[in-house]
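**Q** Take a look at the following structure, please.
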Amino acid sequence: MQVHRYHGFQPLTAYLSVNYFDRFLYSHQLPKMNGWPAQLLSVACLSLAAKVEEPLVPSLLDLQVEGAQFIFEPRNIQRMELLVLRVLDWRLQSISPFSFLSFFAHKIDPTGNYTGFLTSRATEIILSNIQETNFLEYRPSCIAAATILCAANDLPHFSLVTAQHAESWCDGLHKDKITSCRQLMQQTAFANRPRKQPKVLPQLRVMTRASIAWSDSSSTSFSSSSPYKRRKLNNSLWLDNDK
């Protein structure tokens, strides 16, 4: 999120990067080696998301901001990007809550007088909760409906709009799910406050003798058939020394 704010990326870029991260870890484990594998995966996922959504993509070095524990060589990030693409079967387009916000905002306010506020406020709420794994159980449409209701609560004109009303906005919405999602958002919406703007590192620091194994056999060796949520790592090694 620091990099997202620094470069002014679109909200969808941040969402997609987390989406790629979660989908990767759903079928793969990462070794816990001072935390660098997870950080490398994060950089690779953000780079891929930026390439999908942003008109101008910073260099791989500029995607790594001050305060990061490790700084990776571009070639290692590119190798991780290829691994992520292979694991995701090159499926980088994903339905997100942002796809529903404008439509749901017009459902609440057909006149369009407050749709801009509703969409903007709902976007802020989504971004503030983007790293909460508890939201993985909710559909994008449900998250969008819950955030629009949270945003509507800030306006006296629409404070009485409920999950029962939202249930009719599109197929697949259920008031119980919307209500539980909204309650979760109300508890965590302001947990992640914006921090001081980071600075881009002026030069590359090379990670000592660390590279990623890239043969098909090696990628199979650390794959897992069991689901793993974000930040769940194991102690398997998956790097070789550069020769």
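**Q** Failed condition for Gln78, given (1) modelled with pLDDT of 90 or more; (2) in the same structural domain as Leu48 (by TED's automatic domain parsing); (3) in contact with a helix residue (DSSP H, G or I) (Cβ under 6 Å, 6 or more places away or on another chain), with all others met?
**A** Going through (1) modelled with pLDDT of 90 or more; (2) in the same structural domain as Leu48 (by TED's automatic domain parsing); (3) in contact with a helix residue (DSSP H, G or I) (Cβ under 6 Å, 6 or more places away or on another chain) one by one, Gln78 breaks only (3).
**Q** Here's another thing I want to ask about it. I'd like the residue in the range 21-38 that is in contact with a strand residue (DSSP E or B) (Cβ under 7 Å, 6 or more places away or on another chain) and surrounded by 15 or more Cβ atoms within 10 Å (Cβ to Cβ) and, out of all such residues, is farthest from Leu85 (Cα to Cα).
**A** Lys32
**Q** When the residues of the range 131-149 are narrowed to those that are charged (D, E, K, R) and at pLDDT below 90, which ends up surrounded by the most Cβ atoms within 10 Å (Cβ to Cβ)?
**A** Among residues in the range 131-149 that are charged (D, E, K, R) and at pLDDT below 90, the one surrounded by the most Cβ atoms within 10 Å (Cβ to Cβ) is Glu132.
**Q** Just need a number here: residues in the range 35-56 that are free of Cβ contacts under 8 Å to residues at least 40 places away in the same chain and more than 17 Å from the chain's Cα centre (by Cα).
**A** 3
**Q** If you go through the range 7-28 one residue at a time, do you hit one that is under 30 Å from Leu155 (Cβ atoms), outside any helix (DSSP H, G or I) and touching a residue at least 24 places away in the same chain (Cβ under 8 Å)?
**A** Yes: one or more hits.
**Q** Right, here's the next one. Of all residues in the range 86-102, count the ones that are surrounded by 15 or more Cβ atoms within 10 Å (Cβ to Cβ) and touching a residue at least 60 places away in the same chain (Cβ under 8 Å). Walk me through how you get there before you give the answer.
**A** If we filter the range 86-102 for residues that are surrounded by 15 or more Cβ atoms within 10 Å (Cβ to Cβ), which is where we start, we get 87-88, 92, 94, 96-98, 100-102.
Subset that is touching a residue at least 60 places away in the same chain (Cβ under 8 Å): 87-88, 92, 94, 96-98, 100.
Selection size over the range 86-102: 8.
**Q** Among the numbered criteria (1) hydrophobic (A, V, I, L, M, F, W, C); (2) in contact (Cβ under 8 Å) with a residue 24 or more places away in the chain; (3) surrounded by fewer than 17 Cβ atoms within 10 Å (Cβ to Cβ), which single criterion is violated by Leu83?
**A** Against the list (1) hydrophobic (A, V, I, L, M, F, W, C); (2) in contact (Cβ under 8 Å) with a residue 24 or more places away in the chain; (3) surrounded by fewer than 17 Cβ atoms within 10 Å (Cβ to Cβ), Leu83 comes up short only on (3).
**Q** Can you tell me how many residues within the range 157-188 are touching a Leu at 6+ places or on another chain (Cβ under 6 Å) and free of Cβ contacts under 8 Å to residues at least 24 places away in the same chain?
**A** Number satisfying all stated conditions: 1.
**Q** Quick check: anything in the range 84-100 in contact with a strand residue (DSSP E or B) (Cβ under 9 Å, 6 or more places away or on another chain) and not in a loop (DSSP other than H, G, I, E, B)?
**A** yes
**Q** Could you please give the count of residues in the range 49-75 that are in a helix (DSSP H, G or I) and surrounded by fewer than 21 Cβ atoms within 10 Å (Cβ to Cβ)?
**A** 5
**Q** Across the range 111-130, what is the total count of residues that are without any contact (Cβ under 8 Å) to a residue 12 or more places away in the chain and either crowded, with 19+ Cβ neighbours inside 10 Å or not in a helix (DSSP H, G or I) (or both)?
**A** Matching residues across the range 111-130 total 3.
The values are calculated or read from the model by the stated rules, or taken from the named source; none is laboratory data. Predicted model only: the values in this text are computed from it and were never measured. All Cβ positions, glycine included, derive from the backbone under ideal geometry; neighbour counts span all protein chains shown.
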